[in-house]
């Protein structure tokens, strides 16, 4: 494990503990979330090393990397995914229909496949070699290791998407700046992240699924994601709620509790959306333009 002695975003050395929560998927170890007192980013204080963090993704419940999980929540996830993929394509089409579209951290590659079917020049990059093999066998498309993304020419990407990926990037500043460097001037960056100020986050506290410790290394709200992106020459164009996320996250959060009740998760997800005018949605996608 590595203890972070400074903020991974602004390098501030003063922070305060805001929450302690367990890893519900793999290790059952507890991890602390701190708030930087300079930039207000929330980050996981002690994290696995870069060499060992991959082992924390080897869980049957990690739906974005599996096709064979038969649980009710996983079946719902796959159904909602197909709806969300169509929405993501339509959001991208609002801005462009030409140029290279990259899905960074593409998981099983469903968005890449749909973009290709819609006529886009699209590529997906995924860190997990087993997932890339599964994409090839299930969808018949090639996705590429992250090392290949780094070989792209500077400014060669028209649209780059990161759907619940930024919170996993190991070296936040350096890695993200290298990612943004591949985007052309006036190009677009779509970033979806959970919102720790949402009602479902407040309701479930340490059981909130979207903390997903220690895989989620950073935890954003509206202010911190916009502030962070601005330091990488990204200006906010639009923000779109991901309304289905509150239901999935709340049902998963119920499973994290000792006496969880899935139908209560459905209700909490609905209530979180109803109260979004006050707390924000469980997740948003932020559309940034490179300036």
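The values are calculated or read from the model by the stated rules, or taken from the named source; none is laboratory data. Owing to the predicted nature of the structure, the values given are computational and were not obtained by experimental measurement. Backbone-built Cβ (ideal geometry, glycine too); neighbour counts: all protein chains shown.
Things worth noting here:
- Picking from residues in the range 123-133 that are in contact with a helix residue (DSSP H, G or I) (Cβ under 6 Å, 6 or more places away or on another chain) and modelled with pLDDT of 95 or more, the one that is surrounded by the most Cβ atoms within 10 Å (Cβ to Cβ) is 124.
- Hits in the range 144-160 - residues which are in contact (Cβ under 8 Å) with a residue 12 or more places away in the chain and either within 26 Å of residue 52 (Cα to Cα) or surrounded by fewer than 20 Cβ atoms within 10 Å (Cβ to Cβ) (or both): 144, 145, 146, 148, 149, 150, 152, 153, 154, 155, 156
- Residue list for the range 14-30, restricted to those being at pLDDT 95 or above, over 21 Å from the mean Cα position of the chain (by Cα) and outside any strand (DSSP E or B): 14, 29
- For the range 231-280, residues that are in a helix (DSSP H, G or I) and in contact with a strand residue (DSSP E or B) (Cβ under 6 Å, 6 or more places away or on another chain) total 1.
- Residue match in the range 98-120 (condition: assigned to a helix (DSSP H, G or I), in contact (Cβ under 8 Å) with a residue 24 or more places away in the chain, in contact with a strand residue (DSSP E or B) (Cβ under 6 Å, 6 or more places away or on another chain) and surrounded by fewer than 17 Cβ atoms within 10 Å (Cβ to Cβ)): no
- Selection within the range 1-13 - under 20 Å from the mean Cα position of the chain (by Cα) and either in contact (Cβ under 8 Å) with a residue 40 or more places away in the chain or surrounded by fewer than 16 Cβ atoms within 10 Å (Cβ to Cβ) (or both): 8, 9
- Residue, farthest from residue 209 (Cα to Cα), within the range 31-43, restricted to residues that are without any contact (Cβ under 8 Å) to a residue 60 or more places away in the chain and either assigned to a strand (DSSP E or B) or within 22 Å of the chain's Cα centre (by Cα) (or both): 36
- The residues on offer are 228, 203, and the sole one that is part of a helix (DSSP H, G or I) and surrounded by fewer than 20 Cβ atoms within 10 Å (Cβ to Cβ) is 203.
- Among the residues of the range 92-109, those that are at pLDDT 95 or above and under 17 Å from the mean Cα position of the chain (by Cα) comprise 102, 103, 104, 105, 106, 109.
Residue-by-condition table, conditions (1) in contact with a helix residue (DSSP H, G or I) (Cβ under 6 Å, 6 or more places away or on another chain); (2) more than 20 Å from residue 81 (Cβ to Cβ):
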{"site": "93", "(1), (2)": "no, no"}
{"site": "99", "(1), (2)": "no, yes"}
{"site": "110", "(1), (2)": "yes, no"}
{"site": "114", "(1), (2)": "yes, no"}
{"site": "121", "(1), (2)": "no, yes"}
{"site": "135", "(1), (2)": "no, no"}
{"site": "144", "(1), (2)": "no, yes"}
{"site": "162", "(1), (2)": "no, no"}
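- Total residues in the range 161-200 satisfying the condition of being buried (at least 21 other Cβ atoms within 10 Å of the Cβ) and assigned to a helix (DSSP H, G or I): the figure is 6.
- Subset tally (residues that are over 18 Å from residue 39 (Cα atoms) and crowded, with 22+ Cβ neighbours inside 10 Å) for the range 215-225: 1
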